[in-house]
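Only one structure is covered here, and it is reproduced in the block below.
The values are calculated or read from the model by the stated rules, or taken from the named source; none is laboratory data. These numbers come from a predicted model, not from an experiment. Backbone-built Cβ (ideal geometry, glycine too); neighbour counts: all protein chains shown. The protein model used for the area step is the full one, side chains on, heavy atoms only, and it has no ligands, DNA or RNA in it. Shrake-Rupley method; radii C 1.70, N 1.55, O 1.52, S 1.80 Å.
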Amino acid sequence: NGIGIPPLSKDPSYAIMEYSRSCESNCNFCDSTGFWGNLVTYKTPERFVEEGFKLKEQGVDIVYVMDLNFTSNYNKAMDLCNEIVKSGLDLNWYAMSNVGSVLGNEDLLYAMKDAGCYKIAWGVESTCDENLQKMNKTGGGVKQNFEDTVYVLGHSLHAGIINQGYYIMGFPDETKESIIKDAQKIKDIPLHQLNIGIFTPIPLSAQFNQLKKEGFEFEEDLSMHDRNALIYSHPSIDRKEMKEIQMKLHSDFYKSPEFRLNAMESIRIDSRFEDSFNDYLNLINQEVLTK
């Protein structure tokens, strides 16, 4: 979870909930379409809230709403937020979202905050628009681009929500130089937490099928298929170098002044985040924040 409310030092109890299942998008690196198809189904807001109260009774502090894109349907997401507030369910929760599905619906972010959402894990994926197009990265029928990512996550920050970003590096046509060049723009995105994954071709995804067709070789040890190791035969980068790049980009982000400015702004908006940030920075061996 990383940055959470309560903070890590409080040893919070976690649970997983689900409001919707499947995803309407067709990102090439994802296996969702191959597994579920594209028909998104929902629980009723009332059922979700009922389950939330039961988890609270069992001592749960934080809930991860594991929908692949919580904001994919504006009305459904808003209905749930309104029901949580109406019911008095005091729940700390976080969810995954897609930039395109929030673009033009920024008021939803404020409703999510009011309903107890303290963090959104965004599919940032890349700062390069060409790479995003190759991934077929869309949401709400909108093709994602870097400019929209900065804009939407800026609204999320000002709504008082922590922005966690999922970022992918190491696609077959990327070089060490192009990865490092593109990553220089990560600091320009209003992010508080960064998860950099090494591209892992997932069975049932379009890109796995394409690489297999093109004759790429894959690591047979499935325990390594965790986004932290290179598991296919990259044309120009070996496993050791790819790992070094991943670690460098991660470290550079947390040492950037932009990260610290974003963190301090979020603490100004919601003081509960101060302990959460410093707990997380201690965990990843980075300098803590000071006022």
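Of note:
- Ordering of 137-144, 277-284 by burial proxy (mean other Cβ atoms within 10 Å per residue, highest first): 137-144, 277-284
- Most simply put, the chain has about 15% antiparallel DSSP beta bridges, counting only bridges with both residues inside it.
- Karplus-derived HN-Hα couplings along region 23-28 (A = 6.51, B = -1.76, C = 1.60, θ = phi - 60°), whole Hz, x at Gly and Pro: 8, 7, 7, 9, 4, 5
- Accessible-area composition of the chain, carbon plus sulfur, in percent [1.4 Å probe]: 50
- Comparing Asn92, Asn28, Asn75 in a Gaussian network model of the chain, where Cα atoms under 10 Å apart are tied by springs, the biggest mean-square fluctuation is seen for Asn75.
- Kirkwood Rh, Cα atoms: Rg over Rh of region 168-291: 1.06
- Sites Arg272 and Arg21 - FRET efficiency at Förster radius 30 Å, r taken between beta-carbons, to 0.05: 0.45
- Antiparallel beta bridges, as assigned by DSSP with both residues in region 1-108, represent about 20 percent of the total such bridges.
- At a probe radius of 1.4 angstrom, the accessible area of the chain per residue rounds to 47 square angstrom.
- D by Stokes-Einstein for region 1-65, Kirkwood Rh over Cα pairs, 20 °C, 1.002 mPa s: 154 µm²/s.
- Projected-area mean, the chain, by convex hull of Cα positions, square nanometres: 14.8
- The ratio of the alpha-carbon radius of gyration of region 56-116 to the globular-protein estimate 2.2 N^0.38 Å is 1.12.
- Using a 4.7 Å Cβ-Cβ cutoff, the cysteines of the chain lacking any partner cysteine are Cys23, Cys81, Cys117, Cys128.
- Projecting the Cα atoms of Tyr232, Tyr94, Gly140 onto the dipole axis of the chain, where Lys and Arg carry +1 and Asp and Glu carry -1 at the beta carbon, places Tyr94 farthest toward the positive end.
- In region 15-163, the alpha-carbon atoms span a convex hull of 99 Å³ per residue.
- Note on region 30-70: Cα-Cα pairs beyond 17 Å make up 46% of the total pair count.
- Cα extents of region 80-227 along the three principal axes, largest first (Å): 55, 30, 26
- A straight line joining the Cα centroids of region 52-100 and region 1-44 runs 11 Å.
- Placing unit charges on the Cβ atoms only, positive for Lys and Arg and negative for Asp and Glu, gives region 130-264 a dipole magnitude near 300 debye about its Cα centre.
- Whole-Å semi-axes of the ellipsoid equivalent to region 233-281 (Cα gyration tensor, √5λ, descending): 33, 10, 8
- Size check on region 179-243: the Cα extents along the three principal axes, sorted descending, read 37, 24, 22 Å.
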